[in-house]
Amino acid sequence: MIRGGGLRLDGVTVLLADGSKFTRKLVAQMLAEFGVGTILEAEDGETALDALKRGPVDLLICDTLVENPDGITLTRMIRHDNGATYRSIPVLLLAGHTRQVDVIRMRDCGASLILAKPVAPKALYDRLAWIARDPRPFVDSAIYAGPDRRHNAGEPPNGVARRQMDRECFATQTKSSVSHDEIMAILRQADSL
């Protein structure tokens, strides 16, 4: 997915599940600006699960408060669907509430990464870059199914590097290829929706 210092996303299919049409359109527009090839949308968890079953999806971006089922339950269902081709896809959970207890629930359900709302283009791009450069092994045990929860390289999603090695590694990682002006143009277009 990474090529020439930026992300190559033209062959990637992203499924975006959020109950808010506005949020879906805003995030979809950001993804399109980043060059994502195919963007699928679902207004609830059931529709998202159907889309996963129908065809290849490379990444699920899901709001934790999407309904029928909610994003955490949906992620857990995906992770525990033995034999499903989509079981190990990266899942990026969007969350309006990021208290420690909420983050722990999201991590423990099998989410690959978490992104706090409101979604900023740079933060979304950074999460996509993280997923692309750090494909963690899938863990399947009696109490957990999902990506290995240990981050071996790069800066943690909360931006707090705990070790000097983390800071040095992150400094050499992919940077956003979207300029500030392009981000502002995306936001202006979203305001007009």
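Just so it is clear, none of the values below were taken in a lab; they were calculated from the coordinates. Nothing here was measured: the structure is a model prediction, and the numbers come from that model. So basically every Cβ, Gly included, is an ideal-geometry build from the backbone, and we count neighbours across all protein chains shown.
Is the C-alpha gyration tensor of region 64-143 telling us rounded, prolate or oblate? Criteria: a/c under 1.5 is rounded; beyond that, a/b larger than b/c is prolate, otherwise oblate.
Since a/c reaches 1.5 but b/c is at least a/b, the shape of region 64-143 is classed as oblate.
For region 85-91, take each phi angle, set θ = phi - 60°, evaluate the Karplus expression 6.51 cos²θ - 1.76 cosθ + 1.60, and give the result in whole Hz per residue in order, putting x for glycine and proline.
Each residue of region 85-91 in turn: 5, 8, 4, 9, 5, x, 10 Hz.
Using the scaling law 2.2 N^0.38 Å as the reference, what is the normalised Cα Rg of region 94-141?
Normalised by 2.2 N^0.38 Å, the Cα Rg of region 94-141 equals 1.23.
Mind listing the long-range amide H neighbours of L115? Cut-off is under 5 Å, sequence gap 5 or more, other chains count too, H placed in the peptide plane at 1.01 Å from N.
Here the answer is L93, L94, A95, since their amide H atoms fall under 5 Å of that of L115.
In what sequence, highest mean first, do 7-18, 113-124 appear when ranked by Cβ atoms within 10 angstrom?
7-18, 113-124
Can you bin region 16-79 into rounded, prolate or oblate? Criterion: square roots of the alpha carbon gyration tensor eigenvalues sorted a ≥ b ≥ c, rounded for a/c under 1.5, prolate for a/b above b/c, oblate for the rest.
oblate
Can you order the peptides 141-148, 130-137 by their average number of other Cβ atoms within 10 Å per residue, highest first?
130-137, 141-148
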